[in-house]
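The block underneath contains the structure these notes are about, expressed in structure tokens.
The values are calculated or read from the model by the stated rules, or taken from the named source; none is laboratory data. Please read these numbers as outputs of a predicted model, since none were measured by experiment. Cβ atoms come from the backbone with ideal geometry, glycine included; neighbour counts cover every protein chain shown. Calculation scope for accessible area: heavy atoms of the full protein, side chains included, ligands and nucleic acids excluded. Shrake-Rupley method; radii C 1.70, N 1.55, O 1.52, S 1.80 Å.
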2 protein chains.
Amino acid sequence: MMLQTPYLLFLGDAPDPLAAKVAQGIKDWRPQYALGQLRLNGCRADMKIPDMTLADGLAAGARTLVIGVANRGGVISPMWKSVLLDALAQGYDLASGLHNLLRDDPDLVAAAHAHGRALYDVRVPTVNYPIANGLKRTGKRCLAVGTDCSVGKMYTGLAMDAEMKRRGLKSSFRATGQTGILITGEGVPLDAVVADFMAGAVEWLTPDNDPDHWDHIEGQGSLFHVSYSGVTMALVHGGQPDALVLCHEPTRTHMRGLPDYDLPSLEQVRDTALMLARVANPACQVAGISINTSGLDDDAFADHLATVEQRMGLPTVDPFRQGAARLVDALENL
Amino acid sequence: MMLQTPYLLFLGDAPDPLAAKVAQGIKDWRPQYALGQLRLNGCRADMKIPDMTLADGLAAGARTLVIGVANRGGVISPMWKSVLLDALAQGYDLASGLHNLLRDDPDLVAAAHAHGRALYDVRVPTVNYPIANGLKRTGKRCLAVGTDCSVGKMYTGLAMDAEMKRRGLKSSFRATGQTGILITGEGVPLDAVVADFMAGAVEWLTPDNDPDHWDHIEGQGSLFHVSYSGVTMALVHGGQPDALVLCHEPTRTHMRGLPDYDLPSLEQVRDTALMLARVANPACQVAGISINTSGLDDDAFADHLATVEQRMGLPTVDPFRQGAARLVDALENL
């Protein structure tokens, strides 16, 4: 899977900005891919990039119309569908991370076939991944591991990748979920891979590289989240990380979706993830801590970060508020 | 997936007894399902049960012809195929754990359709498993966890289940791999389940039960085997075990298929598996140790077991040589 860039971002009739978080991610992290936005009547999201028709986008060089918005009720509405069909007819590929797949819509399939265009459902693996072989690979890898799901692991990896590129260092963000894949145009939808091939898919995603190149592997789930811990484990072992960044959201009162489960402490995540990671890479170290302080106000967040930093003895930042410079410093100092 | 029992066991032209280990497992663990064996010219395996033609088997009540032998070169030979087509025509379902699927053979599909029979490829999930919800379930569960793959986890679970039934206790063996599924007629082919649903599949397999009922969950892989550890993790969290049995093969010099990876110690497996299992079930305990001593001679094995038992402070047996009575005692004493 490798999407054709640049993109025209389809925002549809997004009911609020949050519904367009995929488009926002692309605009924030790969602005060079985000030529313009296509909004329908009633759209309440705005990426602050040029509004374009399909024809405008093509003239500007766009190759793929990316559905950058969640749909309502799990269906592709007639209004959306007519835009998508037009896009195929005019020469766009379509890319989507929606649960309901483009490939399951006969009209879209027929139009794509008729016009020689591609439908990319980034939730669906398209590669026959190998079984992991555990062989040591060249290059360096950093994996974000969380106390819970949805605590900022993708954001942390993207921020570290951006900071390394800013410094002129060799760096790649390796997407393992649909938003990350749409942002970067490639990756592995790990939660949709068959169990036996999960770790092999992560090996495939992070191959041999220059000795001074860093892969920033997008984390998934948590070793302590009973629904998804197997996916996290495959990242820890298939990723063969040299460095871990611990990710946490301090205001959460229970594991996401599991009201009866407490969050683990950062110490538990550090010790467990490090011990397991060292099975695949005995040199693995914990480089730092990334805290999503969006639930704390401007007065409280800095105190919280300082307290955690002192307690854990590791550089502790909120990359959204502060950037990832100190985490990248930590990688460079390993 | 629930196979129709009893079975006629197809041994084909098995080149040696080891090739027929699926049939051997059925005969050893579910002899009431193994009405007879169907052998072709050149077969060098023998289950010591009556040789039957397809017609004999039907007359004796067999419902399913189970392919109890590995095939050579990953193809279903013309000789096998004519038997399988005959079986469908005469009224058998077919069940197979082969890599090459029955359902991918157009002739078998057509014959099954024509005769109203079913083709069971037990490597392929047939259920839309849920995402795990982590809710506490009633009943008791014991999970076999290994230092490595293929160290006797299935055997241990089957032996403990058999011993509990012998004592009149409530017990089920819960198969998670193709051999176990063919033996018991049902289960989840966990290594073929999509990542997001692994733990949910294990929850589905081991539902609420009587308070004094034990599920013996077939283990897979190892938390320390980098190729398959994600599958093991899903068993530890989805299985919500009350008890763990540690499984080990003492003569192995490296992890199976991974020449550069040492085996973990039993202490490492105990500590890691127990800590992770307690995320889902804080009451989980390690009940005992099962050692596959097939690589040790009659003089050495007892000494080895005694040494491990003293070192670990846990009942330590080879269930193949000694039965699983002491492991079941340990469950009863938890």
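Examine the stretch A:211-229 for a residue that is open to solvent by 40 Å² or more (accessible area, probe 1.4 Å) and either more than 14 Å from chain B (Cβ to nearest Cβ) or out of contact with any Asp or Glu (no Cβ under 9 Å at 6 or more places or on another chain) (or both), and state whether such a residue exists. Working first, answer last.
Taking the stretch A:211-229 as the starting set, the residues that turn out to be open to solvent by 40 Å² or more (accessible area, probe 1.4 Å) are A:211-212, A:220, A:228.
Next cut, either more than 14 Å from chain B (Cβ to nearest Cβ) or out of contact with any Asp or Glu (no Cβ under 9 Å at 6 or more places or on another chain) (or both) only: A:211-212.
Within the stretch A:211-229, one or more residues are open to solvent by 40 Å² or more (accessible area, probe 1.4 Å) and either more than 14 Å from chain B (Cβ to nearest Cβ) or out of contact with any Asp or Glu (no Cβ under 9 Å at 6 or more places or on another chain) (or both).
Determine whether the stretch A:250-258 contains at least one residue that is without any contact (Cβ under 8 Å) to a residue 12 or more places away in the chain, farther than 25 Å from A:Gly97 by Cα and among the charged types (D, E, K, R).
Looking only at the stretch A:250-258, we keep the residues that are without any contact (Cβ under 8 Å) to a residue 12 or more places away in the chain, and these are A:253-254.
So of that shortlist, the ones also farther than 25 Å from A:Gly97 by Cα come out as A:253-254.
Narrowing the set further to residues that are among the charged types (D, E, K, R) leaves none.
Checked the stretch A:250-258: no residue is without any contact (Cβ under 8 Å) to a residue 12 or more places away in the chain, farther than 25 Å from A:Gly97 by Cα and among the charged types (D, E, K, R).
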*asked:* For the stretch B:209-226, give me each residue that is in contact (Cβ under 8 Å) with a residue 60 or more places away in the chain and in a loop (DSSP other than H, G, I, E, B).
replied: B:Asn209, B:Asp210, B:Pro211, B:Asp212, B:Glu218, B:Gly219, B:Gln220, B:Gly221, B:Ser222, B:Leu223, B:Phe224, B:His225
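Restricting attention to the stretch B:150-204, which residues are within 14 Å of chain A (Cβ to nearest Cβ) and small (Gly, Ala, Ser)? Give the steps one after another, and end with the answer.
First, pick out the residues of the stretch B:150-204 that are within 14 Å of chain A (Cβ to nearest Cβ): B:176-178, B:188-204.
Answer for the stretch B:150-204, where residues must be within 14 Å of chain A (Cβ to nearest Cβ) and small (Gly, Ala, Ser): B:Gly177, B:Ala192, B:Ala195, B:Ala199, B:Gly200, B:Ala201.
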*All but one of (1) among the hydroxyl-bearing types (Ser, Thr, Tyr); (2) crowded, with 22+ Cβ neighbours inside 10 Å; (3) more than 9 Å from every other protein chain (Cβ to nearest Cβ); (4) within 24 Å of B:Asp318 (Cβ to Cβ) hold for B:Thr232, so report the exception by its number.*
(3)
_Looking at the stretch A:102-126 only, could you name the residues that are surrounded by 13 or more Cβ atoms within 10 Å (Cβ to Cβ), part of a loop (DSSP other than H, G, I, E, B) and away from chain B (no Cβ under 14 Å)?_
A:Asp105, A:Arg117, A:Ala118, A:Val122
*Would you check which residues across the stretch B:56-74 are part of a helix (DSSP H, G or I) and either crowded, with 19+ Cβ neighbours inside 10 Å or in contact with a helix residue (DSSP H, G or I) (Cβ under 7 Å, 6 or more places away or on another chain) (or both) and list them?*
B:Gly57, B:Leu58
*Which residue pairs have Cβ atoms closer than 8 Å, lie 6 or more positions apart in sequence or on different chains, and pair a first residue in the stretch A:77-103 that is over 14 Å from A:Tyr7 (Cα atoms) with a second residue that is open to solvent by 60 Å² or more (accessible area, probe 1.4 Å) and not in a helix (DSSP H, G or I)?*
A:Asn100/A:Val75
*Among (1) open to solvent by 10 Å² or more (accessible area, probe 1.4 Å); (2) in contact with a helix residue (DSSP H, G or I) (Cβ under 9 Å, 6 or more places away or on another chain); (3) in a loop (DSSP other than H, G, I, E, B), which single condition is B:Ala89 missing?*
(3)
_Exactly one of these conditions fails for B:Ala300: (1) over 20 Å from the mean Cα position of the chain (by Cα); (2) open to solvent by 70 Å² or more (accessible area, probe 1.4 Å); (3) away from chain A (no Cβ under 14 Å). Give me its number._
(2)
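Return yes or no: is A:Leu246 aliphatic (A, V, I, L, M) and more than 24 Å from A:Asn333 (Cβ to Cβ)? Don't jump to the end; show me each part of the working.
Working: aliphatic (A, V, I, L, M): yes; more than 24 Å from A:Asn333 (Cβ to Cβ): no.
The answer is no for A:Leu246.
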*Kindly indicate which of A:Asp208, A:Asp191 is more than 28 Å from A:Ile67 (Cβ to Cβ) and acidic (Asp, Glu).*
A:Asp208
_Any pair with Cβ under 6 angstrom, 6 or more apart, that starts in the stretch A:161-180 at a residue that is in contact (Cβ under 8 Å) with a residue 12 or more places away in the chain and ends at one that is open to solvent by 30 Å² or more (accessible area, probe 1.4 Å) and part of a helix (DSSP H, G or I)_ = A:Glu163/A:Ala325; A:Ser171/A:Lys165; A:Gly180/A:Met154
*Output the number of residues of the stretch A:16-41 satisfying the condition of being in contact (Cβ under 8 Å) with a residue 60 or more places away in the chain and over 21 Å from A:Glu218 (Cα atoms).*
0
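Which residue is nearest to the other protein chains (Cβ to nearest Cβ), if the candidates are limited to the stretch B:282-297 and must be part of a loop (DSSP other than H, G, I, E, B), surrounded by fewer than 22 Cβ atoms within 10 Å (Cβ to Cβ) and in contact (Cβ under 8 Å) with a residue 24 or more places away in the chain?
Filtering the stretch B:282-297 for residues part of a loop (DSSP other than H, G, I, E, B) gives B:282-284, B:292-297.
Now drop any that are not surrounded by fewer than 22 Cβ atoms within 10 Å (Cβ to Cβ), which leaves B:282-283, B:294-297.
Next, from what is left, pick out any that are in contact (Cβ under 8 Å) with a residue 24 or more places away in the chain: B:283, B:294-296.
Details: B:Ala283: 14, B:Ser294: 25, B:Gly295: 23, B:Leu296: 26 Å.
Across the stretch B:282-297, the extreme among qualifying residues is B:Ala283.
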_For B:Ile131: the one exception among (1) under 19 Å from B:Val328 (Cα atoms); (2) within 14 Å of another protein chain (Cβ to nearest Cβ)_ = (1)
*Filter the stretch A:266-281 for residues that are within 14 Å of another protein chain (Cβ to nearest Cβ), touching a residue at least 24 places away in the same chain (Cβ under 8 Å) and not charged (D, E, K, R) and give the result.*
A:Gln268, A:Val269, A:Thr272, A:Ala273, A:Leu274, A:Leu276, A:Ala277, A:Val279, A:Ala280, A:Asn281
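Tally time: how many residues in the stretch B:235-255 are assigned to a loop (DSSP other than H, G, I, E, B), surrounded by fewer than 24 Cβ atoms within 10 Å (Cβ to Cβ) and within 14 Å of another protein chain (Cβ to nearest Cβ)? Walk me through how you get there before you give the answer.
Step one: of the stretch B:235-255, the residues assigned to a loop (DSSP other than H, G, I, E, B) are B:240-242, B:249-254.
Adding the requirement that they be surrounded by fewer than 24 Cβ atoms within 10 Å (Cβ to Cβ) leaves B:242, B:249-254.
So of that shortlist, the ones also within 14 Å of another protein chain (Cβ to nearest Cβ) come out as B:254.
Count: 1.
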*Residue by residue through the stretch A:150-176, note down the ones that are open to solvent by less than 10 Å² (accessible area, probe 1.4 Å) and within 16 Å of A:Ala201 (Cα to Cα).*
A:Ala175, A:Thr176
_Which numbered condition in (1) closer than 30 Å to A:Trp214 by Cβ; (2) modelled with pLDDT under 95 is the only one that A:Gly139 fails?_
(2)
*For the stretch A:17-32, indicate whether the set of residues that are among the aromatic types (Phe, Trp, Tyr), open to solvent by 20 Å² or more (accessible area, probe 1.4 Å) and on the phi < 0 side of the Ramachandran plot is non-empty.*
yes
*Looking at A:Thr147, is it at pLDDT 95 or above, open to solvent by 40 Å² or more (accessible area, probe 1.4 Å) and within 26 Å of the chain's Cα centre (by Cα)?*
no
*Among B:Asp298, B:Asp303, B:Asp271, B:Asp318, which is the only one that is at negative phi, of a type in the set (Asp, Glu) and modelled with pLDDT under 95?*
B:Asp298
*Given the conditions (1) part of a helix (DSSP H, G or I); (2) in contact with a helix residue (DSSP H, G or I) (Cβ under 8 Å, 6 or more places away or on another chain); (3) not aromatic (Phe, Trp, Tyr), which single one is not true for A:Asp329?*
(2)
